[in-house]
Amino acid sequence: QVQLVESGGGSVQAGSSLRLSCAASGRSVSDYGMAWFRQAPGKEREFAAGVSRSGENTAYADSVKGRFTISRDNAKNMVFLQLDNLKPEDTAVYYCAVNSYGWILRSGSNYRYWGQGTQVTVSS
């Protein structure tokens, strides 16, 4: 079993930055791809960013490309999401997740473990 705990969310103004963290416990996640998903009110959950097990490969949704940066620290069993130049449409609950493979997958159905989420609210 893997437990994931996100932190770092908050309420900010447009143009601000936040850094989300996700700490994994229970077992090492260094062999697996990890991702951040988000779910805005009244919308379906969507893929935001993903990182391969080594951290060398990353992928982003078009809506966040160039503004968000995903990274991981396998020694600390953590994954991060740097959110820059935030926009009101980035308002959502952000979830980190671990898949059962070593690479990046964009579908949430491929992810076995999920955190409880952290709220990001961006005002204009």
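The values are calculated or read from the model by the stated rules, or taken from the named source; none is laboratory data. Remember, predicted model here, so these are calculated numbers, not experimental data. Here the Cβ positions follow ideal geometry from the backbone for every residue, glycine too, while neighbour counts run over all protein chains shown. Side chains are part of the model used for accessible areas, which takes the heavy atoms of the whole protein and leaves out ligands, DNA and RNA. Shrake-Rupley method; radii C 1.70, N 1.55, O 1.52, S 1.80 Å.
Every residue, every condition in (1) more than 11 Å from Val98 (Cα to Cα); (2) assigned to a strand (DSSP E or B), yes or no:
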{"position": "Leu4", "(1), (2)": "no, yes"}
{"position": "Val12", "(1), (2)": "yes, yes"}
{"position": "Gly15", "(1), (2)": "yes, no"}
{"position": "Cys22", "(1), (2)": "no, yes"}
{"position": "Asp31", "(1), (2)": "no, no"}
{"position": "Pro41", "(1), (2)": "yes, no"}
{"position": "Phe47", "(1), (2)": "yes, yes"}
Considering each of Ser21, Ser25, Ser30 in turn, give the residue that is modelled with pLDDT of 95 or more and over 13 Å from Gly115 (Cβ atoms).
-> Ser30
Determine if the stretch 21-37 includes at least one residue that is surrounded by 14 or more Cβ atoms within 10 Å (Cβ to Cβ), without any contact (Cβ under 8 Å) to a residue 24 or more places away in the chain and of a type in the set (Ser, Thr, Tyr).
-> no
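Restricting to the stretch 40-51, give me the number of residues that are open to solvent by 70 Å² or more (accessible area, probe 1.4 Å), more than 15 Å from Ser109 (Cα to Cα) and not basic (Lys, Arg). Please lay out each step first, then the result.
Step one: of the stretch 40-51, the residues open to solvent by 70 Å² or more (accessible area, probe 1.4 Å) are 41-46.
So of that shortlist, the ones also more than 15 Å from Ser109 (Cα to Cα) come out as 41-43.
Filter again for not basic (Lys, Arg), leaving 41-42.
Of the residues in that region, 2 qualify.
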State which residue pairs qualify: first residue open to solvent by 20 Å² or more (accessible area, probe 1.4 Å) and inside the stretch 59-79, second residue of a type in the set (Val, Ile, Thr) and not in a loop (DSSP other than H, G, I, E, B) in any location, beta carbons under 7 Å apart, and separation of 6 or more residues or different chains.
-> Ser71/Val51; Arg72/Val51; Arg72/Val79
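Identify the residue in the stretch 1-51 that is basic (Lys, Arg) and more than 9 Å from the chain's Cα centre (by Cα) and, among all such residues, is nearest to Val79 (Cα to Cα).
Step one: of the stretch 1-51, the residues basic (Lys, Arg) are 19, 27, 38, 43, 45.
Of the ones still in play, those that are also more than 9 Å from the chain's Cα centre (by Cα) are 19, 27, 43, 45.
On the way: Arg19: 11, Arg27: 14, Lys43: 25, Arg45: 19 Å.
Selected residue: Arg19.
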Hits in the stretch 87-124 - residues which are open to solvent by less than 20 Å² (accessible area, probe 1.4 Å), in contact with a Gly (Cβ under 7 Å, 6 or more places away or on another chain) and assigned to a loop (DSSP other than H, G, I, E, B) = Gly102
Quick one: would you say Ser54 is of a type in the set (Ser, Thr, Tyr) and surrounded by 16 or more Cβ atoms within 10 Å (Cβ to Cβ)?
-> no
